[in-house]
Each structure stands twice: as structure tokens, then as C-alpha cells.
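Here is the structure we will look at.
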Amino acid sequence: MLAKVCSAAVQGIDAYPVEVEVDSGWGDSLVVIVGLPDAAVKESRDRVSTAMGNSGFKHPLGKTTINLAPADIKKEGPSFDLPIAIGILAASEQVETDQLENFMIVGELALTGAIRPIKGVLQIALRARADGKLGLLVPVENAPEAAVVAGLRVFPVRNLREATNFLEGQTKIAPLKIDLGKVFDYANDDELDFAEVKGQESVKRALEIAAAGGHNALLIGPPGTGKSMLAKRLPTILPPLTLEEALETTKIHSIVGLLPPGQALVTQRPFRAPHHTVSDAGLLGGNASPTPGEISIAHHGVLFLDELPEFKRNVLETLRQPLEEGRVTISRAAGSMTFPSQFMMIAAMNPTPDGKMPHESRSTPREVQNYLGRISGPLLDRIDLHVEVPPVRFREIASEQAGESSAKIRERVIHARARQQSRFKGRPRVTCNARMGSRELKEFCALSEETMDLLKYAMADMNLSARAYDRILKVARTIADLVDADALSSEHISEAIQYRSLDRQLWT
């Protein structure tokens, strides 16, 4: 007898439907799986057979052929265990149901018959809704993640016997419902706060500008000045994730297995801080089958690169395309994948090789230049703000007065972002000032004669590149948004210019 079970698999950040066809016939006792299965899928024969026996079912005698269609796409992972088991039971008439076409089924089987969680359930739920399925059967731990998809009934199942009883109508399972409002309310409890940082008001101001406009920033200062402490608190002043952004971020975290069991969504902006020994595949993504790397995991969040000059030169150069385009394309023998990577890059570095300020350092000018030269000009041009982080004075450290809280700074950032959303309405590619193209710069960053002369002098004096010119305009536009100014003034341009420290060759 032939049985068909609907399932799905993840490719890139999206899912595609997979039809599990099972035919139970005569002949020698044999199980054959076709349809380009990988090793994990092939091993499902033993997992499924043992799970069926421990759940009170019998494995059919004779030849059982299992086809995973479409047959021209490689199938990976153990998520086909449950649909294969149900297909075998239906083909051998141990389960009688006419509901298989109405449900999409995924899950890994333990030898006991219990159903274990899998990766990429959110994408599968979106595919089930797009295909018009009445419901989705998933492991209990994955149910909250799938239940965020509106218009789809998600049925959590604990074991193979419970799944078969539900399909036969012997057991009632209530579809899981998620209150997204409560999920996002819980996410607002931040453990870190800018109020804990002593001094460094100028750096806090620069990070507020970076957060308000989505700009990349480079923190330059000696060890112990609070660069890492400030960077880790940047997510606390960023605007909260929208539902659309949360879904996109959750997709990526689900693929790589970073979503904790039972968690419905990623509701806080990611903060990723890879070590400087990270490879280009670890940063961009890769492996034999293209998977997301650190820059995609940081999508809609912050990527913090501490000790920037210590990263390998070829690794840093791979960041140029993602920083410019907001996505990364990875090509491997198994195929080519494009992953989103709209992140804020915050980097930190010492001013000299020995970590001291230039006037205190024992490093020679050539050593300092070689140290700074590890960061290429094209990459430096893509960093909007170069922020000097001076040593903290004793009276600031000893002060009992708390600084401004993250909540107050976030209010101003949200207000500035709201102005940008109104300005860029109807332009989905431009989400904040940092994403403006030449057309938006010309339209929204018009200069008066006075501001034009000021920027012209700065360009000539500092030998700025054309890309640096664009960065100054974008930062100035954000500074103006923070004070509700429609036009760019000399004050806005002047403050933006001062954030080009390395262009001024300050350390030489």
C-alpha cells in the first residue's frame, strides 16, 4: 500500500515542502530511502524501526521504499523521522486516517518513541501556512516557536503513539496559542544599563548617535577605559524589535540552533562578539553546506569586534560587502545561499600597539602606522563614527552620581528612528539613515552655502574620500533628527566631522 505524508525542510532561511512517499510491498525485508538523503536521513531507518517497536507497533515485512520528493534537492537532518514513521504505519495499515494531506509533520524520534526538537521550525510553520495546511504537528519544545505564525494551528506532540492517536481521532490535542504581547513585554527587562558606566559622556553621545541612525562605530582608546562595557550596553538603547524583525531574526537563530527550547521568538536585539581568531567562514557563514555565520546571527542587532587590528586581514575584508549591502552571499560546492546581515558593527581598538596613548607610547611612528594599517582604508570608510575613548578620571570613578539611564537615551533614539521611518516611507530598502543611498542623500541632506563651505574645507584639509563625505552627511542627518531639525546646520556638520579621527591621522 502507498501512503503520502506532508513534511518540509529548510534551505537557506526559508523552507520548502517535502512529500514523504512510503510504499510497503512484498519481497525481502528491506528499507530503502531515496530522494538524495544525507547520512542523518539514512540513519532514520534504524531510529524509526526501534521507535515503532518501543511504541507498540510492528515494522512491516517485505520491502519498504521511502521517497523524499522533490528528489533533486539534498535532504538533511533528522526532522523526517516522524513523517517517515507515520508513513510506514499508514502504508502497512497500522494507522488508518484520512487526515494526512491536511497536516504538515516534522520531528526527530528517540529510540523510545519520544519526539525530540528540531531546527528551523519557524520557517516550516510559515511554509505550512503558505501551503494552506490545516495544522502542523511539531515536537512540544518547538511548539511555541511555530505558534507565532498567525492563521496556523500548531499541535504539540510528545511521542509517536500520541501523534498516531491524534491523526486517527482517538486523542484530542488543543492547538497552542501564543500571546505575542506578553512575549515582547518580558523582553524589555534589560540587565545592563548605561547608568552603570562612570564618565565617558562624549562616548555615550556618540553611541546614541550610532543607535539613532544605525551607524557603525569604532571605539579607540587604551585598555581599561570601558570600550567593551559601553559596547555591551548598546543594545539597551536600540529601538525594540518589530514583529517582522523578530521573525527574521528568529529564523536565523532557529537554523543554527540558538533558540532555547520553549522560546517563541527572539525578542531582544542580538549581540555577537566573536573572538579575533574567528575564520572567514565563522564570520560570514559556510561549512560544506552554507549556513549563517556571526554577521547573520547578529542580523538586526550588534556585531562587536574587540581588538579590531588583531583580526586577520582577509577576515576583515570579507565584511565590506555585507556592511554595504546588508546581506551576504555564500557559494559552496553544495550550492549558493544568501543570508540577511543588517547589523551595526561596533569595533574597539587600542591607539598604539602597546595600548598607551600616542604621547605616552614607546612605539615608533612606523610601528603605530603598521598597527593602524591592519585596517584597510575601504573598511575604515564604511565605519561612520571614529570615537576617541579617553581614560576615566578618578573623580568620575569615585562619584556616587549615576549617569543617564538607558531608558532615557532609548526614548530619544526611538523618536529619531520614528522621524526616519516617516521620511523613508515607501522605501523598504532604506530602514534608517545609515542605509541611505545617493538619491536619499541628495533629497534629505541638502546643504546650505555655509555648510557646503565647511564640508569643502574639511574634505580638503583631512583628505577625505567620497565615501567618507557620504558618511558625514548621514551622521549629520542623524544628529539633526535627535533635535527635531529638518535642515542640516553647521553644528550638525561640525559634530559629524569630528567623528573622523583616523581620517585626520590623529595618532601619527
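The values are calculated or read from the model by the stated rules, or taken from the named source; none is laboratory data. What you see is a predicted model; the values in this text were computed from it and never measured. Glycine also receives a Cβ, built like all others from the backbone with ideal geometry; neighbour counts cover every protein chain displayed. Surface accessibility is based on the protein's heavy atoms, side chains included, excluding ligands, DNA and RNA. Shrake-Rupley method; radii C 1.70, N 1.55, O 1.52, S 1.80 Å.
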R161 vs. criteria at pLDDT 95 or above, charged (D, E, K, R), under 16 Å from the mean Cα position of the chain (by Cα) and surrounded by 15 or more Cβ atoms within 10 Å (Cβ to Cβ):
no
Picking from D354, D384, the residue that is charged (D, E, K, R), out of contact with any Leu (no Cβ under 8 Å at 6 or more places or on another chain) and either crowded, with 16+ Cβ neighbours inside 10 Å or under 28 Å from A281 (Cβ atoms) (or both) would be D384
Out of (1) over 27 Å from G56 (Cβ atoms); (2) of a type in the set (D, E); (3) open to solvent by 30 Å² or more (accessible area, probe 1.4 Å), the one E145 does not meet is (3)
Determine, yes or no, whether G262 is under 19 Å from I178 (Cα atoms), modelled with pLDDT under 95 and surrounded by fewer than 19 Cβ atoms within 10 Å (Cβ to Cβ).
yes
Of these, L218, L243, L247, which one is in contact with a strand residue (DSSP E or B) (Cβ under 7 Å, 6 or more places away or on another chain) and within 24 Å of R435 (Cα to Cα)?
L218
Scanning segment 227-240 residue by residue, the ones that are assigned to a loop (DSSP other than H, G, I, E, B) and touching a strand residue (DSSP E or B) at 6+ places or on another chain (Cβ under 9 Å) total 1
Based on what the data block shows, is L111 in a helix (DSSP H, G or I) and surrounded by fewer than 22 Cβ atoms within 10 Å (Cβ to Cβ)?
no
Is it true that E141 is touching a Gly at 6+ places or on another chain (Cβ under 9 Å) and touching a residue at least 40 places away in the same chain (Cβ under 8 Å)?
yes
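Kindly evaluate E440 against the criterion of being among the acidic types (D, E), free of Cβ contacts under 8 Å to residues at least 40 places away in the same chain and in contact with a Phe, Trp or Tyr (Cβ under 9 Å, 6 or more places away or on another chain).
yes
Take V95 and decide whether it is outside any loop (DSSP other than H, G, I, E, B), touching a Ser or Thr at 6+ places or on another chain (Cβ under 8 Å) and either closer than 19 Å to S49 by Cβ or open to solvent by 30 Å² or more (accessible area, probe 1.4 Å) (or both).
So V95 fails the test.
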Going residue by residue through segment 18-35, is there one that turns out to be in contact with a strand residue (DSSP E or B) (Cβ under 9 Å, 6 or more places away or on another chain), open to solvent by 60 Å² or more (accessible area, probe 1.4 Å) and free of Cβ contacts under 8 Å to residues at least 12 places away in the same chain?
no
Restricting to segment 283-321, and then to whatever is among the hydroxyl-bearing types (S, T, Y) and open to solvent by 10 Å² or more (accessible area, probe 1.4 Å), can you tell me which residue is nearest to A273 (Cα to Cα)?
T318
Could you figure out which of (1) hydrophobic (A, V, I, L, M, F, W, C); (2) closer than 30 Å to V183 by Cα; (3) in contact with a Ser or Thr (Cβ under 8 Å, 6 or more places away or on another chain) isn't true of I84?
(2)
